[in-house]
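The values are calculated or read from the model by the stated rules, or taken from the named source; none is laboratory data. Keep in mind that what you see is a predicted model, and the values were worked out from it rather than measured. Glycine also receives a Cβ, built like all others from the backbone with ideal geometry; neighbour counts cover every protein chain displayed. Protein only, heavy atoms only, side chains kept; ligands, DNA and RNA dropped before computing areas. Shrake-Rupley method; radii C 1.70, N 1.55, O 1.52, S 1.80 Å.
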Amino acid sequence: MKRRAWLTLGAVVLGGGGIATYAVASPSADAAGDVQPKRPVKVYDLALKGTAAGKRELPRTETRQFSLLGVSWTGTAKQLEGRAQVRTRGSETGEWTAWQDLETTIDPPEDPDERSGARGASEPLWVGPSDGVQVQVVHEDGTTSAGLPKGLEVNLVDPGIATAAEQRDTGDDTDPAAFAVGGTETPAPTGSESTSASPSAPATVSPTATPTPTPTATTPTAPPSTVPEPTIVPRSGWGADESLSPDPSEYNADVKAVFVHHTAGSNDYSCEESASIIRGIYAYHTQTEKWNDIGYNFLVDKCGTVFEGRKGGVDLPVLGAHTYGWNRESAGIAVLGDYTAAGASNAALTSVARIAAWKLGQYGVAPDSTVQLNAGATQKNFAGTSFTAGTAYTFDRISGHRDGYATECPGNSLYDQLPTIRAWAAGPVQGLKLTSLTGATLSGSTYWTKGAITAKWSATTPSSLISRFELLVDGKVVASAAGTATSASTTLTAGTHKVAVRAVHQSGRTTPATTALTVVTDTTAPAFSTTPQLTLRTGTVSTTAVPVTLGWKAADSQALKSVSLLSPTTATFGPTTTSSSRTAKSGTASIWSMKAYDVAGNTRTSSPSYTPMILQETSATKSGSWTARSSTSYLGGKSYSSGSKGASLSWTFTGRSASWVVSRASTSGQAYVYVDGTKVATVDLKSSTTKYRDAIWTKSWSSSAKHTVKIAVVGTSGRPTVTTDGLVYIK
């Protein structure tokens with residue numbers, strides 16, 4: 001949520017009708033003009049009046065700037081048994097909100113000092129920068145104000161500007177500084193204003209760590225924790241005016257449990273506003289309720305930033321005022337926002353888990369255990385469980401406010417997230433799984449690698465709660481990685497291994513190793529038991545595309561994955577494929593390069609060279625009568641044709657494969673084929689459709705050698721003619 005603009009001109013209407021006009025000072029024109037000056041916290045108290053309908057109310061009223069409000073009443077002993085509702089007007093939009101209920105079942109102080117003016121009060125509600133308010137309070141029966149406490153008033157808190165971040169330019173042309181009174185303010189007998197400091201001299205805020213008090217007879221020594229301390233913004237970091245809390249800190253003997261709260265109000269705040277929200281709560285607790293400090297020990301915003309609450313030293317067991325009847329043995333952590341309907345962010349949950357684990361770790365207790373706490377008051381909690389003062393009761397080490405007091409706090413949704421907080425705080429790491437292995441290939445249920453692998457994992461426990469991850473090979477740690485890491489690498493020796501990962505929580509609890517993956521390290525490359533060979537096949541021949549078959553055999557000692565053709569074209573084949581029909585250009589030597597891959601990633605390449613050659617009829621040795629024919633359909637534009645029985649053509653070549661190319665028609669006859677003087681086939685050229693350049697017969701050998709192929713006309717009755725278009729061979 002963007003920072004809202006501050007009111008620049010207006011009038012204050014107090015409860016009794018008194019009016020004071022005011023204006024906002026304009027910024028100076030010097031270099032500091034783009035920085036907002038500091039402004040102290042202010043609290044405005046407006047009385048509620050009774051009506052004929054039996055309720056107490058404050059009609060719509062324009063006010064000075066405020067961002068947080070609550071309803072309070074005289075005394076602390078009486079609860080507000082009724083419904084308190086407020087509406088506010090945004091100072092940026094000028095629009096009124098819907099009615100919002102205030103949480104009135106607020107914890108009373110355990111040791112109230114009525115002489116100090118301590119008041120009963122609702123929980124404070126953060127509404128963002130506003131300049132108007134309307135309030136109504138109705139008794140629980142809805143019809144009468146009888147039984148409502150006396151002195152009901154609405155308390156408006158302007159958190160001011162205190163931190164360096166808040167002093168940055170907001171982009172507004174006006175300076176949201178302290179109000180400069182432009183007229184005479186007429187105070188009303190029913191309304192009052194209290195301020196934490198003079199507007200002209202706000203307290204200086206320095207965001208430095210709050211020092212831990214020196215141990216004395218009443219100040220304990222801070223014990224070390226079993227887990228790391230999270231980063232905590234000190235009181236000075238959120239602009240605490242220490243003059244509002246002059247009393248010395250009180251301490252418990254230890255911290256046995258942590259109670260989780262929410263502060264209620266809007267979740268639509270920016271995390272830049274967190275400091276001002278906390279200042280508002282602090283002012284409300286000290287100036288409206290007259291407590292001696294903010295009630296919570298720690299506060300966490302939705303971005304996960306942890307803030308120091310009550311003073312006295314974050315590492316000491318400071319007595320808080322957060323859970324009535326149980327403050328003497330616990331610490332309180334409040335999450336800024338309302339978590340009745342919506343759950344808290346993972347960032348907030350993580351920080352709550354970290355701060356709870358750290359505090360409980362100072363006293364050597366597990367965050368997921370239970371504890372006996374001694375009741376400090378006789379009362380009931382939200383679930384109706386009765387407690388008797390002085391009696392011990394069992395609590396989770398990390399409990400919700402409602403577990404100890406009759407309140408909805410910390411909201412249904414955040415309360416349902418407490419098991420997650422406990423699990424994250426206590427460990428071991430949750431949801432750990434090995435997600436992948438790079439540098440290895442999965443085949444079936446086994447991974448194969450040449451040696452170097454990277455294991456990747458994920459976990460549901462936030463990384464800030466994890467001490468380290470450990471990569472295991474055959475049950476032994478071979479690599480460690482920080483809790484923020486998501487992978488680790490190692491090199492495996494030859495053989496079969498089991499690879500797993502485990503995590504160590506910041507508490508020291510170790511997650512059992514993930515299910516081990518079987519990984520085989522294989523460094524032996526596959527082999528071509530049959531070198532890639534090119535042989536001629538039947539089909540249509542041209543000078544640019546001679547039909548051939550590429551054949552090979554590859555094997556691996558472990559598991560062959562694939563074989564790829566790299567040139568003169570590309571293709572990939574499965575491990576059981578041993579041949580592929582291709583074409584080759586005649587008269588050109590081509591390298592037929594193939595690479596075999598095993599599943600581990602080892603490879604072997606074989607790159608033989610082959611050249612298809614076309615022998616025309618003119619290069620053949622003739623016998624008998626042959627007629628030359630010309631046509632663009634023939635190889636080289638010419639062919640020989642003969643119907644004379646016994647007429648023959650012979651070609652001699654040195655190669656490893658040969659094919660006879662012919663023209664065919666329905667009237668074509670038969671021919672005998674001789675190889676190296678031996679008749680090997682009778683070929684019938686008859687075809688129902690006319691075909692040219694048709695490789696009708698092929699022959700291949702295991703190696704290249706000199707051969708003679710002769711074709712002879714059979715002289716088939718009725719269709720004696722044979723038309724030959726040459727011989728193709730591979731050298």
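In the range 621-633, is there at least one residue being on the phi < 0 side of the Ramachandran plot and open to solvent by less than 30 Å² (accessible area, probe 1.4 Å)? The answer is no; no qualifying residue exists.
Does residue 679 fit the bill of being assigned to a strand (DSSP E or B) and more than 22 Å from residue 614 (Cα to Cα)?
yes
Taking residue 302, is it closer than 26 Å to residue 397 by Cβ, under 29 Å from the mean Cα position of the chain (by Cα) and of a type in the set (Lys, Arg)? Considered against the rule, which asks whether it is closer than 26 Å to residue 397 by Cβ, under 29 Å from the mean Cα position of the chain (by Cα) and of a type in the set (Lys, Arg), residue 302 comes out as yes.
With the condition kept exactly as written, say whether any residue in the range 126-133 is in contact with a Lys or Arg (Cβ under 9 Å, 6 or more places away or on another chain), β-branched (Val, Ile, Thr) and either in contact (Cβ under 8 Å) with a residue 40 or more places away in the chain or open to solvent by 10 Å² or more (accessible area, probe 1.4 Å) (or both). The answer is yes; a qualifying residue exists.
If the condition is being more than 14 Å from residue 531 (Cα to Cα) and of a type in the set (Val, Ile, Thr), then the range 548-576 contributes 548, 569, 570, 572, 576. The residues of the range 613-637 that are in contact with a Lys or Arg (Cβ under 9 Å, 6 or more places away or on another chain) and of a type in the set (Phe, Trp, Tyr) amount to a single one, 634. Restricting 325, 304, 320, 295 to residues that are assigned to a loop (DSSP other than H, G, I, E, B), touching a helix residue (DSSP H, G or I) at 6+ places or on another chain (Cβ under 9 Å), open to solvent by 10 Å² or more (accessible area, probe 1.4 Å) and not hydrophobic (A, V, I, L, M, F, W, C) narrows the list to 304. Residues considered: 178, 121, 188, 165. Of these, the only one that is modelled with pLDDT of 55 or more and within 19 Å of residue 44 (Cβ to Cβ) is 121.
Scanning the range 588-606 for residues being part of a loop (DSSP other than H, G, I, E, B), within 29 Å of residue 659 (Cα to Cα) and in contact (Cβ under 8 Å) with a residue 40 or more places away in the chain gives a total of 1. With respect to the numbered conditions (1) open to solvent by less than 60 Å² (accessible area, probe 1.4 Å); (2) in contact (Cβ under 8 Å) with a residue 40 or more places away in the chain; (3) under 25 Å from residue 539 (Cα atoms), which one is the sole condition not fulfilled by residue 636? Status for residue 636: all satisfied but (1). The selection criterion, being acidic (Asp, Glu), in contact with a Ser or Thr (Cβ under 9 Å, 6 or more places away or on another chain) and closer than 23 Å to residue 365 by Cα, holds for residue 250.
Regarding residue 253, is this residue surrounded by fewer than 17 Cβ atoms within 10 Å (Cβ to Cβ), in contact (Cβ under 8 Å) with a residue 12 or more places away in the chain and assigned to a loop (DSSP other than H, G, I, E, B)? Answer is yes for this residue.
Taking the range 419-444 only, how many residues are at pLDDT 95 or above, open to solvent by 50 Å² or more (accessible area, probe 1.4 Å) and assigned to a loop (DSSP other than H, G, I, E, B)? The number of residues fulfilling the criteria is 1. Take residue 315 and tell me if it is at pLDDT 95 or above, surrounded by 24 or more Cβ atoms within 10 Å (Cβ to Cβ) and over 30 Å from residue 77 (Cβ atoms). It is false that residue 315 is at pLDDT 95 or above, surrounded by 24 or more Cβ atoms within 10 Å (Cβ to Cβ) and over 30 Å from residue 77 (Cβ atoms). In summary, strands (runs of 3 or more DSSP E) completely within the range 335-418 and bearing 2 or more residues that are touching a Ser or Thr at 6+ places or on another chain (Cβ under 8 Å) occur at 370-374, 392-396. Kindly indicate which of 339, 251 is of a type in the set (Phe, Trp, Tyr) and over 34 Å from the mean Cα position of the chain (by Cα). Step by step, each of 339, 251 is checked, and only 251 is of a type in the set (Phe, Trp, Tyr) and over 34 Å from the mean Cα position of the chain (by Cα).
Candidates in the range 591-605 are the residues that are open to solvent by 20 Å² or more (accessible area, probe 1.4 Å) and in contact with a Pro (Cβ under 8 Å, 6 or more places away or on another chain); of these, the one that is nearest to residue 530 (Cα to Cα) is 604. Consider the range 197-241 and keep the residues that are modelled with pLDDT of 95 or more and open to solvent by 80 Å² or more (accessible area, probe 1.4 Å). The one that is farthest from residue 290 (Cα to Cα) is 226. Restricting attention to the range 512-524, the residues that are of a type in the set (A, V, I, L, M) and open to solvent by less than 30 Å² (accessible area, probe 1.4 Å) total 2.
To keep it simple, each residue is scored yes or no on (1) at pLDDT below 95; (2) polar (S, T, N, Q); (3) open to solvent by less than 70 Å² (accessible area, probe 1.4 Å).
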residue	(1), (2), (3)
454	no, yes, yes
461	no, yes, yes
479	no, no, yes
488	no, no, yes
498	no, no, no
503	no, no, yes
535	no, yes, yes
542	yes, yes, yes
569	no, yes, yes
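Does residue 296 fit the bill of being closer than 19 Å to residue 243 by Cα and out of contact with any Ser or Thr (no Cβ under 6 Å at 6 or more places or on another chain)? Answer is yes for this residue.
Once the range 80-100 is narrowed to residues that are small (Gly, Ala, Ser) and open to solvent by less than 30 Å² (accessible area, probe 1.4 Å), the residue that is farthest from the chain's Cα centre (by Cα) is 82.
Mind checking which pairs have a first residue in the range 429-451 that is farther than 20 Å from residue 603 by Cβ and a second that is small (Gly, Ala, Ser) and outside any strand (DSSP E or B), Cβ under 6 Å, 6 or more apart or different chains? Pairs that qualify, where the first residue is farther than 20 Å from residue 603 by Cβ and the partner is small (Gly, Ala, Ser) and outside any strand (DSSP E or B), are 429/459; 430/423; 431/459; 432/459.
May I ask you to verify whether residue 260 is within 30 Å of residue 372 (Cβ to Cβ), out of contact with any Leu (no Cβ under 6 Å at 6 or more places or on another chain), of a type in the set (A, V, I, L, M) and not in a loop (DSSP other than H, G, I, E, B)? Against the criterion (within 30 Å of residue 372 (Cβ to Cβ), out of contact with any Leu (no Cβ under 6 Å at 6 or more places or on another chain), of a type in the set (A, V, I, L, M) and not in a loop (DSSP other than H, G, I, E, B)), residue 260 qualifies.
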